[in-house]
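For reference, the structure is listed below as C-alpha cells.
The values are calculated or read from the model by the stated rules, or taken from the named source; none is laboratory data. Here the structure is a predicted model, which means the values were calculated and not measured. Glycine gets a Cβ as well: all are built from the backbone with ideal geometry, and neighbour counts include every protein chain shown.
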Amino acid sequence: MKSITVGLGERSYPILIQQGLLDKIGSELHKNPFAKRYAIVADDHVAAMFGERLLASLGNSDIPAEMITFAHGEASKNLGTIADLSSSLARLGFDRKDGLLALGGGVTGDITGFLAACYMRSIPFAQVPTTLLAQVDSSVGGKTGVDIPEGKNLVGAFYQPKAVFVDSQIVQKLPESELLNGLAEVIKYGVIYDRDFFRFLEMSRKDILALDMHVLEDVIARCCKIKAAIVEADEKESDLRRILNFGHTIGHAVEAVSGYTLAHGSAVAMGMVASAELAVLKGILERREKDRLEKLILEYGLPVAIPQEYDRDRIQEYLLADKKTIGGKVFFVLPTSIGKVIITDEIEAGMVAEVL
C-alpha cells in the first residue's frame, strides 16, 4: 500500500493508495476510527455500483453505517441537496461524534465535504474517490462547495478530510469518458509543477490508456504527492495553491455556458490550451511549448478547442463572476514553460476575446 501524508499539523491526514482498498476500508477504520458510526454519501449511480461493497467492508469490521444518496450529476451540486442530506442525517440521529464517507467523484466529494463542514457546525469525514479525477485531484486538499446559478463552486469552505482512501483498481471499471476526464487534471500537474512528469506522460501514454495498473498507480501517487506539497505550503489558496487553477478559470466559464453538460476534464483541457495561447500572446511562453501541450492533450483524446456554438460574451461574463476574480480583475494561471507557471491579472480583455 502506498501512503502519502498531507502535512497540516493537527489536521494532517493520510492518502492511502492500493488496488482493492474499497474492500479493506472497514479494517482501516477499525484501526484508526474517526467516528462512532458513518453515513456513506453517494449519488444513485455510484451507490448502485459500489455501495454494497463499502457497507460490507464496514460491516465485516462491526462498524455501524448507513447509506444516503442523491441524484447523480452536477445539477445536484447545490444548496438544496445540502439541505436534503442534512435532513436525512438529522432523521437518522447523527451527531457530532458521527462521520461521513464521500463515495464517488468530484461532485460527491465537494457535496459531502461541505455537508460535513456545515452539519452541526462540523463533523468529520473521509474521501473514497471513485473517479480518476477525484483520486488525483479533488479528493485531496479540503476544497468543498456547491454551485449557484451565478457560477460554479461559489459557496463552500476549506475543510480537510480525516483520510483519503484510493482504490486504484476502480479506474479499470470507469467508462473511457471518465478516464479522460481525470487525465486532463493529470496533465495539469506536469504543466504547473513537474516537467519530468510531463515527459513521463508523453512516454507512457500507451500504458496509461491501456490501464496498466502499475503505471496508473504511479501516476495517481505522483499527482497526490504534488497536490499534498502544494496544499501543505498554501492550504487556503492565498498564493501558491492558486497554480492548481491552471485551465480552470476559462474551463469553469466554458462549463457554465454549456449548462454543465460538458465534462469537467474536457473544459479544463480547453482552458489549458486557451491559457497557454494567452501566455504565447503575452510573450512569456514559446509557441513550441504551447504546441507540445496541445499535442499531448490531443494524444490523450481530449478536446483543445472551445465549441463555436458557445457564446463568447457569456464566457466573458462568467469569467468576471469567477470566485478568483478580485476587484473586477480576472486572475489567470499562465505557463512560462512546461513545469512552470505564473499568476497574473495583467491580461487585457481584448486579448482574452482574441483567444476565445
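When we screen Gly259, Gly247, Gly283 for residues that are modelled with pLDDT under 95 and on the phi > 0 side of the Ramachandran plot, the only hit is Gly259. If a residue must be exposed (fewer than 13 other Cβ atoms within 10 Å of the Cβ) and either in contact with an Asp or Glu (Cβ under 7 Å, 6 or more places away or on another chain) or touching a residue at least 60 places away in the same chain (Cβ under 8 Å) (or both), how many such residues does region 8-36 contain? Total meeting the criteria: 3. If you go through region 57-68 one residue at a time, do you hit one that is in contact (Cβ under 8 Å) with a residue 40 or more places away in the chain, within 19 Å of Ala163 (Cα to Cα) and assigned by TED's automatic domain parsing to the domain that holds Leu103? No, region 57-68 contains no residue that is in contact (Cβ under 8 Å) with a residue 40 or more places away in the chain, within 19 Å of Ala163 (Cα to Cα) and assigned by TED's automatic domain parsing to the domain that holds Leu103. When the residues of region 286-339 are filtered to those that are assigned to a strand (DSSP E or B) and loosely packed, with under 15 Cβ neighbours inside 10 Å, the one that is modelled with the lowest pLDDT is Ile326. Here Glu232 fulfils each of the conditions (1) loosely packed, with under 15 Cβ neighbours inside 10 Å; (2) assigned to a helix (DSSP H, G or I) apart from (1).
Of the residues making up region 69-101, those that are under 23 Å from the mean Cα position of the chain (by Cα) and closer than 18 Å to Leu29 by Cβ are Gly99, Leu100, Leu101.
Would you confirm whether or not region 183-204 contains a residue that is touching an Asp or Glu at 6+ places or on another chain (Cβ under 6 Å), within 23 Å of Lys290 (Cβ to Cβ) and buried (at least 19 other Cβ atoms within 10 Å of the Cβ)? Yes. Residues that are modelled with pLDDT under 95 number at least 1 in the following strands (runs of 3 or more DSSP E) confined to region 134-211: 143-148, 151-158. Here Gly247, Gly190 are screened, and the one residue that is farther than 25 Å from Pro14 by Cβ, of a type in the set (Gly, Ala, Ser) and within 19 Å of the chain's Cα centre (by Cα) is Gly247.
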